[in-house]
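Below: one structure, written as structure tokens.
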Amino acid sequence: MNYLRVLSSQVLSFYSKLKFPKSKLKAFLQPRRRLAIAEACLIGLVSGLAAVLFKFGVGTLGAWRVHASHLLPAWFVLPAIGLSFGLLSGFLVERLAPEAAGSGIPFVKAALAQFPIPLNLRVALVKLASSIIALGSGLTLGRQGPTVHIGAAVAAQLCHWVPTSPDHRRQMMAAGAGAGLAAGFNAPIAGVLFIVEELLQDLSDLTLGTAILASFIGAVVSRLLGGRSLDLNLNISQSQTSFFAQEIPFYLLLGALAGVLGAMFGKGIFTSLAFYRRLKLSLPLRIGLAGFISGIVTALLPSTFRDNTGLRESLLAGGVSWKMAAIAFVAQYILTLVACGSGAPGGLFAPSLILGSGLGYLVGFVQQTTLAVGSPTTYALAGMGAFFSAVSKAPITAIVIVFEMTMDFNLVLPLMIGSVVAYLVSEKIVRGSLYDRLLKWNGIELAKKPTTDGLLSTLRAADVMQRRVETLTNNMTLDETVQAFSRSHHRGFPVVYKEKLVGIVTQTDLAGIVQRGLPGNAPLSKIMTPKPMTVNPTDSLGDVLYLLNRYQLSRLPVTEGRKLIGIITRADIIRAQADKLNGESVNIGPRPEPSYCVYQTRSPAVGSGRMLVTIANPQTAPALLQMAAAIARDRNYEIECLQVISVPRSSSPAQTPVSTTKSRRLLRHAEKLGQDWQIPVHTQIRVSHDVAPAILETIKERHINLLLMGWKGTSITPGRVFGDVVDTIIRQAPCEVVLVKMGESDLGAEEPRSRGVRENIAANFPRHPGTLAPRHRIGTHSPVVSLCFNRWLVPIAGGPNAQQALQLLPALMCLSEAPAIELAQVFHPSTLLPDTAVLEKSALFLSRQLSASVKAIPLRSSSVSDAVIDLAQTDACDVVILGASREGLLQQVIKGNIPEAIARGVKSTVILVRSAQ
């Protein structure tokens, strides 16, 4: 128990020296952080147990291997065990978890940097089993690297079971890594410093608190269950270590040699990796080959070399000659490179310590021969820290590890001199961390500059939230709620009572009104979602984005206590990131590349405006071009035909080779039609990562007045109204937008039309037949008449886009031979005296503009979309034309998105119009 008291005093002393403010300690103990404390304790416990199991597993297999080498010929047993165990270890890794190969620390760093590296319970178990087998086969690798990997993987799995924010997950993974190192070396402070120095470079209160807890518990569990053999100081008394001023030159020499040899050791690892890669062997064969070579070499050496732990302790105790120390250093150096290059699961910590002890012992022997002052044991221990520092580029961690393992204050100055000099020399020869270079070798390069993930951690919800929030009160009626939605483009509202947030209501909630049979005068509290998920103004954008993605939300209220102070959406986060990036003078993170024009033709610019027609489907392209010609002739517009070719985000649009043969053939057909119609037609082909940005760029560059594009009529993207591309265009395009979903009959598909049930109250209202001719007509000889629409249905809701649809009708009448137009407005059955003023005004407008039959049809129905679909099918309408945005028809929204529902339910052609903005 004396060890526990010493260990506790060390941790408390280290914790107090950090000058942890009381305010931060109080915040750390708040209820919202109790989960982090509990997780850190559990992670430390599991990591400690894994380290103990690892130690006993490797010890048992190693002891059996050494015993077998004494009973049977070593030249046969050791290579055979190395080969068979290496094959088995490689098979487990290759088949079950390829991520478990190697040390594991580079993969932990990549996972902490938000790279998609799998870290879970499967990886931890495979890493544990394969590492025990690999190290038990005699490979000269260490246990501590795998324990770091295992601890991080266990923490990642725990965070998967108990979902938290990305920042919280990173901190728990780092705490697991620190606990693994602390349990492997019995060095809790070193575990904390390894997190700060190598993994996260983070000194926040939560990171330090969880790291300290996990490392302390991991070290205690390892100490209690692992036995006293984990301590190096058991066989070393402080009388064996000493430090005198005249020895400083030798410690400087030790540091310089460790720096040079450590840098060469790092280069040797990559040489070994390249050698194995040239062999083109599978992972089991590589590890088996490494085990076979290690077995042969070990069989040729003295029996002391068959046990790595015994070899290290012999060097530290000073019981070997300088020749034995030199042989140990060279053999360990070569065998470690052979094992590490194979990809075997094992770490570099223990081999670095053994190499350092051998190098230090040699320098100490030279010093003792020259000055006869110091002890070779002191140099061996200082060499451990120096060589570890040169390899890992973490000098502080190296110093603390050796100090905690020995608890000898005589070593502090020698360790500091040797480790710092070794680090400086190694960094001069080879810059950068060995783990970062291993990641780069595997195709993963950690960003040196802040990325957008850093922006997500830096910016807070208060920085980007909308402070002026449209709200509803909980005592509003459902009718008033529907009217509020119709007057706004929002798809959801916070519900407040005395400025306190009590709920949230969305269009999805409105969809349940009919199913639940709620009357229009029912209070809003009947359908709202009470106690919605909220965020604090101090929460990072990373936390906010995680909640939005995790629970498939489009918005989150921002509250202080229960008081609503703002609201934040996905668009706010994207806009904030874009603004932040644009405001920086350096290039922070990858920016999306603009589209690239690979083909274009130009006609005379003689029109008063220009309309853009996007062509993607050869089946719908002729019909879209005919509609475009009708509108262009009516408005004196030029036509710009665009086709977008998408390429992966990993490729540059300007450098990716694409085939434009089919696209140019389609565009040449458009040019031919333009010549027949005597309309200027321009064409272009763009290569882009996404279709929507390419269209928006074209609209801006070519000064487009109207966009005409096809639409499949359905949306499969959660949270989208019309679909990814169309929804983006509707929201961002500054010009007028016309979407067309071609009917099945117009594409050659013949399907029977179903008949619905509707309640027609047209008998109570007048109808207005048209008498005037249209302003412009295209003769029957024009190719446009090949697309014939005679019966038109226009749902009226009074919004601006419905009026825009009415204004578009005269241009499209040239597509009809005997046009008949029906204007419909849907009223709720509970409405006793419907207001048909808008309907009558629209019918009068069309009757004055067109020489066509115009009917005004008021309908009673609890569902706008069902009523329109039923009317279109009953009257065999060829075209349904309506507003396309979230305005207009939302005045009547009761469930779902009406344009999308109508387009999905109607078999005929649907045209959706959105006015310019």
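The values are calculated or read from the model by the stated rules, or taken from the named source; none is laboratory data. It should be emphasised that the depicted structure is a prediction, and the values quoted were computed from it without experimental measurement. A quick note on method: Cβ atoms are made from the backbone with ideal geometry, for glycine too, and the neighbour counts reach across all protein chains shown. Areas reflect the complete protein model, heavy atoms only, side chains present, ligands, DNA and RNA absent. Shrake-Rupley method; radii C 1.70, N 1.55, O 1.52, S 1.80 Å.
Remarks
- Here 363, 391, 402, 330 are screened, and the one residue that is within 30 Å of residue 91 (Cβ to Cβ) and part of a helix (DSSP H, G or I) is 391.
- Test for residue 852: is it at pLDDT below 80 and in contact with a strand residue (DSSP E or B) (Cβ under 7 Å, 6 or more places away or on another chain): yes
- Odd one out for residue 338, checked against (1) open to solvent by 10 Å² or more (accessible area, probe 1.4 Å); (2) within 17 Å of residue 410 (Cβ to Cβ); (3) touching a residue at least 40 places away in the same chain (Cβ under 8 Å): (2)
- For region 400-431, filtered to residues that are open to solvent by 10 Å² or more (accessible area, probe 1.4 Å) and either of a type in the set (S, T, N, Q) or touching a Lys or Arg at 6+ places or on another chain (Cβ under 6 Å) (or both), the residue that is farthest from residue 190 (Cα to Cα) is 410.
- Where residue 254 falls short, out of the listed (1) within 23 Å of residue 107 (Cα to Cα); (2) at pLDDT 75 or above: (1)
- Every residue from region 587-610 that is outside any strand (DSSP E or B), open to solvent by 30 Å² or more (accessible area, probe 1.4 Å) and either modelled with pLDDT under 80 or under 29 Å from residue 655 (Cβ atoms) (or both): 587, 590, 591, 592, 593, 594, 602
- Flag: residue 145 matches the condition of being part of a helix (DSSP H, G or I) and in contact with a strand residue (DSSP E or B) (Cβ under 7 Å, 6 or more places away or on another chain).
- Restricting attention to region 461-478, the residues that are among the small types (Gly, Ala, Ser) and either in contact with an Asp or Glu (Cβ under 6 Å, 6 or more places away or on another chain) or without any contact (Cβ under 8 Å) to a residue 12 or more places away in the chain (or both) total 1.
- For region 364-380, the set of residues classified as among the hydrophobic types (A, V, I, L, M, F, W, C) and open to solvent by less than 10 Å² (accessible area, probe 1.4 Å) consists of 380 only.
Here is a yes/no grid of residues against (1) surrounded by fewer than 18 Cβ atoms within 10 Å (Cβ to Cβ); (2) at pLDDT 85 or above; (3) within 26 Å of residue 901 (Cβ to Cβ); (4) within 30 Å of the chain's Cα centre (by Cα):
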position: 506; (1), (2), (3), (4): no, no, yes, yes
position: 541; (1), (2), (3), (4): no, no, no, yes
position: 552; (1), (2), (3), (4): yes, no, yes, yes
position: 557; (1), (2), (3), (4): no, yes, no, yes
position: 565; (1), (2), (3), (4): no, no, no, yes
position: 568; (1), (2), (3), (4): no, yes, no, yes
position: 578; (1), (2), (3), (4): yes, no, no, yes
position: 582; (1), (2), (3), (4): yes, no, no, yes
position: 585; (1), (2), (3), (4): yes, no, no, yes
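- Restricting region 657-691 to residues that are in a loop (DSSP other than H, G, I, E, B) and of a type in the set (Ser, Thr, Tyr), the residue that is least open to solvent (accessible area, probe 1.4 Å): 660
- Lone unmet requirement of (1) more than 26 Å from the chain's Cα centre (by Cα); (2) modelled with pLDDT of 85 or more for residue 691: (1)
- Residue count, region 206-251 (criterion: at pLDDT 65 or above and surrounded by fewer than 17 Cβ atoms within 10 Å (Cβ to Cβ)): 8
- So residue 84, is it farther than 30 Å from residue 193 by Cβ and either of a type in the set (Gly, Ala, Ser) or within 25 Å of the chain's Cα centre (by Cα) (or both): yes
- Among the residues of this structure, residue 133 counts as one that is assigned to a helix (DSSP H, G or I), closer than 18 Å to residue 293 by Cα and of a type in the set (Val, Ile, Thr).
- When 526, 531 are screened for being open to solvent by 20 Å² or more (accessible area, probe 1.4 Å), more than 30 Å from residue 829 (Cβ to Cβ) and touching a residue at least 24 places away in the same chain (Cβ under 8 Å), only 531 passes.
- One residue from 818, 856, 867 being of a type in the set (Gly, Ala, Ser), over 19 Å from residue 483 (Cα atoms) and part of a strand (DSSP E or B): 856
- Any hit, region 405-416, residues being at pLDDT 85 or above, part of a helix (DSSP H, G or I) and more than 30 Å from residue 220 (Cβ to Cβ): no
- Selection within region 488-509 - of a type in the set (Lys, Arg), touching a residue at least 12 places away in the same chain (Cβ under 8 Å) and not in a strand (DSSP E or B): 491
- Looking only at region 611-656, and only at residues there that are modelled with pLDDT of 90 or more and among the charged types (D, E, K, R), the one that is farthest from residue 739 (Cα to Cα): 638
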